[in-house]
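Peer 1: The following block contains the structure, expressed as structure tokens.
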Amino acid sequence: MTEPTRHSAPPVELSLPTGADLSDPAPVEDCAGCAELAAVRGRARAGGDMTTVSDCNVLMRRHPQGH
């Protein structure tokens, strides 16, 4: 039986997010969907639910594609 070939590779280095990547997206003016997501995000942040805050930020970043 032959021995399998083993290759070592250097570790992958990922960059840390910048300040712009960490900021909350702003709701689009006169958009009810954006306003609701911003309101939910505010209530979640006040209650310490950072998972929901993050989810709202993702949805708000994706939402403008539908405008």
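Peer 1: In segment 32-47, which residues are without any contact (Cβ under 8 Å) to a residue 12 or more places away in the chain and either among the aliphatic types (A, V, I, L, M) or farther than 17 Å from L22 by Cα (or both)?
Peer 2: Correct list: A32, A35, E36, A39, R43, A46, G47.
Peer 1: Restricting attention to segment 1-49, which residues are open to solvent by 80 Å² or more (accessible area, probe 1.4 Å), hydrophobic (A, V, I, L, M, F, W, C) and within 17 Å of H63 (Cα to Cα)?
Peer 2: A26, A32
The values are calculated or read from the model by the stated rules, or taken from the named source; none is laboratory data. Since the model is a prediction, treat every value here as computed from it, not as a measurement. Glycine also receives a Cβ, built like all others from the backbone with ideal geometry; neighbour counts cover every protein chain displayed. Surface areas here come from the heavy atoms of the whole protein model, side chains and all, with no ligands, DNA or RNA. Shrake-Rupley method; radii C 1.70, N 1.55, O 1.52, S 1.80 Å.
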